[in-house]
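Bear in mind that the values in this text are calculations on the coordinates, not laboratory data. The structure displayed is predicted, hence computed values, not measured ones. As a convention, Cβ positions derive from the backbone with ideal geometry for all residues, glycine included, and neighbour counts pool all protein chains shown.
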Amino acid sequence: MLYDGSYYFDDKHIDASGHQGPLSATSAVVRGLTAFASTSESLNIPEEKILGLARFFLGIGVPGNSKDLYYQIDTLSHLENNRQVVSAPLILSLPATVLSLTSKDKLKVKVSTVLGSTVPPLSVKLMQVFSSGSKDASVLKQELHFHPEEAIHTLDALPEGVDIGEYVFAFEIVLSDPEHKRKFATGGRTKVPVHVTGVVKVDDAKVTVLEGDIVESEKKLDLPGKNDLALSANHLQKLHLSFLLTTPLGKPFKPHQALLKLRHESGVEHIFVVGNSGKHFEITLDFLSLVEKFFYLSGQYDIELTVGDAVMENSFLQPLGSIELDLPKAPEKATQPPPQAVNPYLRYGPKAEIAHIFRAPEKRPPQEVSFAFLGLVLVPFLGFLIGLLRLGVNLKNFPTSTIPATFAILFHGGIAAVLILYVFFWLKLDLFTTLKALGVLGIFLMFVGHRTLSHLASASAKLKSA
C-alpha cells in the first residue's frame with residue numbers, strides 16, 4: 001500500500017488520485033477481509049492499512065457510473081459497520097486548508113467516520129508543524145478546543161512563528177475511553193497540507209534614473225496604489241527600481257513572481273525579472289547594453305510591475321507610468337522588431353460586408369422565336385392525334401355499365417395524372433416529392449386498372465361462350 005491509499009493488483013498500479021483503480025477488486029478484498037476477520041480471532045489488521053483503504057475510497061469522490069458507486073458505498077459500509085471484527089476508521093479533515101493570517105482565521109478540524117456517523121468522545125492535538133522546504137519541525141502537542149454544537153475542534157490562533165507560506169500540520173486523535181481503541185482506528189498522526197496567506201507590506205519603493213553613479217531623478221512609489229510616472233532617459237543612462245517586501249510578522253518575503261515590463265508604443269514588450277539582494281528587490285536596466293534588445297526603438301515606454309504569489313493576498317499588476325527613451329538610430333544590419341500579433345478580440349468585431357457578384361443573365365431570344373419553338377414541340381403530338389383519327393379509334397370495348405365505366409375513366413385519369421406529374425417534376429418538383437406522389441398514384445392505378453381489366457376479361461369470356 002502506498003502513502004495515499006493506492007494499491008497494487010496484478011502488477012498494475014491503482015492510482016487513487018487519477019480515479020482509474022478497479023474498485024470492484026479492492027471492494028472484494030475488503031469484503032473478504034471483514035468476512036475472514038469475523039471467523040478468525042488471530043487476524044490483526046494494522047490501523048494504517050484500514051485508514052489507507054478508507055482514504056482510497058473517500059479520495060475517489062463520486063464515481064463515474066452506478067456500479068462503481070455501489071462498490072464504493074458497500075466497501076465504506078463494511079469498514080464502518082463491522083466494528084466487532086474490524087476497527088472503524090476515523091477520518092480527520094479540515095473544512096478549510098487555506099487560512100488567512102491577516103484575517104486571523106481559526107484552525108478548524110473535523111473528525112468523523114467514513115459515512116459521517118457520530119464519533120466517540122475524543123480529542124485532537126496539533127503535534128507538529130512542518131514548513132515547506134525545511135526539514136525542521138516545531139513540536140507543539142497543543143490540544144484543540146472542541147465545540148459540541150458544531151462537532152468541530154478549533155484552535156483560536158495559529159501557533160507562534162507560523163508566517164505566510166505552505167506548511168504541513170501533523171494531528172493526532174486521542175480517544176477518551178480506552179475501550180474504544182478496539183472499535184475505532186485512528187492511525188497515529190495525520191499530516192495535512194495547509195496554506196497560510198496574508199497581506200504583504202511593500203515599503204521603500206522607488207524608481208531612479210542614473211547616469212553613472214549620479215542620480216538624475218528619483219520618484220517614490222505607492223505600491224500597490226496609483227502611480228503616474230513621467231520619466232525620460234537616453235541610452236547612456238540607467239533605470240533602477242527597488243522595493244522591500246515584508247510579511248505580517250515582519251519577515252522578508254520572496255514572491256513567486258516579480259516582473260518588470262516595458263511596452264513600447266508600437267506594441268513591442270520587454271519583460272525583466274526583478275531579483276532580490278537580501279531584503280530588497282531591485283533591478284537596474286542599463287540602456288546602453290539594451291539598445292539591441294530594444295531594437296533601437298526610441299519613444300515612449302509604459303512601465304508595469306507585477307508581484308504575485310499564491311499566499312500573497314494583495315498580489316498586484318500595477319502600471320507605474322511611462323519613460324521617454326532616446327536611443328541611437330539603428331544601423332543597417334540591425335535586427336528588425338518582430339511583427340506584433342493581431343488583437344484576438346478583433347475577431348469578435350463587425351466584419352466587412354461581403355458583396356456577391358452574380359453572373360449576368362444571357363440575352364433571351366425574341367418572343368416570336370419562343371412561340372415558334374413551342375409549335376415545333378407540339379407538332380409530333382398533333383401528328384399523333386391526326387394518326388388516331390385516320391386509323392380510327394376503337395371504343396367498342398369501353399365499358400358501358402356505370403361501375404366498370406367509372407373504373408375505366410379513373411384508370412385513364414390516373415395515367416393522365418402520371419403524365420402531368422412528370423411535367424411538374426420537370427418544372428419544379430424534386431425527386432423525393434415526385435416519388436412519393438408516384439407511389440400513391442401507382443397504388444391507385446393498380447386498383448382501378450385491375451377492376452377495369454377484370455371487367456374486360458369477364459365480358460370477353462361471356463362473348464366467346466355465347
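Overview of values
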{"read-out": "Residue among 118, 81, 193 farthest towards the positive dipole end of the chain, charges placed on Cβ", "value": "81"}
{"read-out": "Among 361, 377, 448 - extreme Cα towards positive end, dipole of segment 355-466, charges at beta-carbon", "value": "448"}
{"read-out": "Test item: Cα-centred dipole of segment 380-465, Lys/Arg +1 and Asp/Glu -1 on Cβ, debye", "value": "280"}
{"read-out": "Over 19 Å [Cα-Cα, segment 91-223], rounded percent", "value": "59"}
{"read-out": "Within straight-line cross-link reach of residue 254, aspartates and glutamates at Cα separation under 17 Å, skipping those fewer than 8 residues along the same chain", "value": "163, 166, 203, 204, 282, 309, 313"}
{"read-out": "Counting DSSP beta bridges with both ends in segment 202-331, the antiparallel % (nearest 5)", "value": "90"}
{"read-out": "Segment 308-461: radius of gyration and largest Cα-Cα distance (Dmax), Å", "value": "40.5, 118"}
{"read-out": "Long-range Cα-Cα pairs in segment 202-331 (distance over 16 Å), rounded percent", "value": "62"}
{"read-out": "Ranked by how many other beta carbons lie within 10 Å on average, peptides 266-274, 335-343 from highest", "value": "266-274, 335-343"}
{"read-out": "Simple Cβ-charge dipole of segment 188-233, Lys/Arg +1 and Asp/Glu -1, about Cα centre, in debye nearest 20", "value": "660"}
{"read-out": "Nearest-ten-degree value, helix 402-427 long axis tilted from longest Cα axis of the chain", "value": "50"}
{"read-out": "Angstrom value of the Kirkwood radius, inverse mean 1/r, which spans all Cα pairs in segment 123-177", "value": "12.3"}
{"read-out": "Helical contribution to [θ] at 222 nm, DSSP H n ≥ 4, -39,500 (n - 2.57), averaged over the chain, rounded to 500", "value": "-10000 deg cm²/dmol"}
{"read-out": "Estimated dipole of the chain in Debye, rounded to 20 [Cβ of Lys and Arg +1, of Asp and Glu -1, Cα centre]", "value": "3500"}
{"read-out": "Exposure proxy ranking, count of Cβ atoms within 10 Å, fewest first, for 206, 261", "value": "206, 261"}
{"read-out": "Among 408-420, 80-92, the order from most to least packed when residues are scored by Cβ within 10 Å on average", "value": "80-92, 408-420"}
{"read-out": "Residue 206/residue 35 FRET efficiency (R0 60 Å; Cβ-Cβ; nearest 0.05)", "value": "0.25"}
{"read-out": "Rounded FRET efficiency, nearest 0.05, which uses the C-beta distance separating residue 314 from residue 45 and R0 of 56 Å", "value": "0.65"}
{"read-out": "Top positive-direction residue, dipole computed over the chain with Cβ charges, set 137, 184, 53", "value": "53"}
{"read-out": "Estimated FRET transfer efficiency (residue 166, residue 292; beta-carbon r; R0 45 Å; 0.05)", "value": "0.65"}
{"read-out": "Tail weight of P(r) past 19 Å, computed on alpha-carbon pairs of segment 368-435, percent", "value": "62"}
{"read-out": "Computed label-point distance, nm, for sites residue 277 and residue 403 using a 7 Å Cα→Cβ extension", "value": "11.9"}
{"read-out": "Eligible lysines near residue 220 by straight Cα distance, threshold 19 Å, same-chain separation 8 or greater", "value": "201, 206, 238, 261, 279"}
{"read-out": "Part-to-part distance (alpha-carbon centres) for segment 259-287 and segment 50-125, which is given in Å", "value": "48"}
{"read-out": "Kirkwood Rh and Cα Rg combined as Rg/Rh, segment 42-147", "value": "1.03"}
{"read-out": "Zero-based 20 Å bins, Cα pair distances in the chain, whole percents", "value": "15, 23, 18, 16, 16, 11, 1, 0"}
